Amino acid sequence: MQSANVQNDNQVAVARSIHDYDRFVGPAMINNLKLLADRLKGKVIQNVNSTSVGGGVAEILNRMIPLLRELGVDAHWDVIKGGEQFFQVTKKIHNLLHGRLDPISEHDFEIFMETSAMNIREVDTYGDIVFIHDPQPIALVKKRNNKKESKWIWRCHVDVSKPDPRVWKFLKKFIEKYDASVFSAPNFSQKLSIPQFLLSPSIDPLSDKNIELPQETIAAVVAKYKIDPDKPMITQVSRFDYLKDPVGVIEAYRLVKKHIDCQLVLAGGTASDDPESAVVFEEVKEKAANDPDIHILLIPPGSDIEINALQRASTIIIQKSIKEGFGLTVTEALWKGKPVVASAVGGIPLQIKHKYSGMLCHTVEGAAFAVKQLLNSPEYAKQLGSNAREHVRLNFLLTRHLKDYLLLFLSLYYREDIVNL
Ligand code: UDP
């Protein structure tokens, strides 16, 4: 087993100023954020998760920490460590929370607890508010002092609408030791003895992943990956994970291809806390069977401009997930004004109002039907894209998310004031 090394804040991206967001949300919102942040002066907010790159959690923390700091909040981000075995177990836990059958043994739970014990020993939980993300670091709560001077929040980013009962029971023991829990969508809420907050995630319109790009940059990325600039391009950006159903995407593409000449881009990377991705990547390559119009791209972490360019170059973005926490890739595509076809799972229906800000689907055939319809009706596709961008502007930008988090942090103290009155 590796030893627990805590990575301290050094991966945090360089922020733009909070005032740069005026042009998306208006100055009143920025003033609100400042007022709320002022009330947290003197409090240290410590975020803890299990990876600094790959996946939606790292993506959000990377953008949020610098802005919280600019607002005057003393925000930090630490990463727990674990060996391969630990991450294999946490991947099983992830799959089982999403309702996928993946046998888990008592020995797996022991491995989880062994690495947790090491992290409990070695990770300094110095925050006035300790904000733990997802199941991997959940057991750190055992470390909280008995006087409960610090506040602990567990933030669940995964779809727990139908969790495996055994895994949920195991996690619940820890969850109920926290002061509050946060889920991404109303249908994920669970019976718990602690308060639950339902907060959707967000994207940063000024990050490399989402910022406007010059046409030459987009063209250069398309050329780099040998994608035909003149053929309709259907893209799914996702880690190579069964729950993202890349094989289902290939099947949908094949149904479309019978009628319309098009190409498919599957762009993904691997996350250091996901040991399954290499296997899925191989399966996807096999399924593609050397079709020259299927581009399977392994994108290294940190290639945000490339992901951005691929999304912008696409005619249609698809996200055929079987389960999804929230689906930031969908938010990113909607923000770029793209017509999106995505499964009605997890937080996706919050983002896509069917036939208004995109198309929801439930099957391979349904996905193919929607893609064909959009390819055949460019004006309709454009209208969906334009509605989509406005829906994201109003609901899923980083500033709204910052406001929700500041209110959440404050509410922990406010509740206490009420009790002490
Ligand atoms: N992502 C990336 N490179 C990849 C695959 C995904 O940068 O190769 C990003 C993607 O753009 C999004 C995040 O990782 O910002 C994935 O978040 P999402 O909520 O869609 O899924 P998760 O991976 O957290 O299940």
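Quick notes
- Kirkwood hydrodynamic radius of the chain, from the reciprocal of the average inverse Cα-Cα distance over all distinct pairs: 22.2 Å.
- Where the Cα pairs of region 80-218 fall when distances are cut into 10 Å bins, in %: 11, 37, 31, 14, 6, 1
- Cα gyration tensor shape of region 111-160, rounded if a/c is under 1.5, else prolate or oblate by comparing a/b with b/c: oblate
- The chain: most fluctuating residue of Gly385, Gly358, Gly127 per GNM, C-alpha cutoff 10 Å: Gly127
- Helix-only CD estimate at 222 nm, as mean residue ellipticity for the chain, using -39500 (n - 2.57) per DSSP H run (n ≥ 4): -13500 deg cm²/dmol
- Cα-only Debye scattering, region 297-421: base-10 log of I(q)/I(0) at q = 0.09, 0.10, 0.23 Å⁻¹: -0.32, -0.39, -1.33
- Here, P(r) means the percent of Cα pairs in each 5 Å bin from 0 to the largest distance; for region 39-126 it is 3, 12, 18, 18, 18, 13, 9, 6, 2, 1.
- Its relative contact order, with pairs defined as Cα atoms under 8 Å and 6+ residues apart, puts the chain at 16 percent.
- Cross-link pairs exceeding 24 Å in C-alpha to C-alpha distance, out of Lys91/Lys169; Lys41/Lys177; Lys43/Lys143, comprise Lys41/Lys177.
- Nearby lysines by direct alpha-carbon distance to Lys336 (threshold 24 angstrom, same-chain neighbours under 8 apart not counted): Lys209, Lys224, Lys226, Lys231, Lys244, Lys320, Lys323, Lys353, Lys355, Lys372, Lys382, Lys403
- Among Gly42, Gly268, Gly55: highest mean-square fluctuation, GNM of the chain, C-alpha pairs under 10 Å: Gly42
- Computed over region 336-405, the P(r) tail beyond 15 angstrom holds 54 percent of alpha carbon pairs.
- Cα-based shape type of region 208-325, given that a ≥ b ≥ c are square roots of the gyration tensor eigenvalues and the cut on a/c is 1.5: oblate
Values in this text are rule-based calculations from the coordinates and carry no lab data. What you see is a predicted model, and the numbers here were worked out from it, not measured in a lab.
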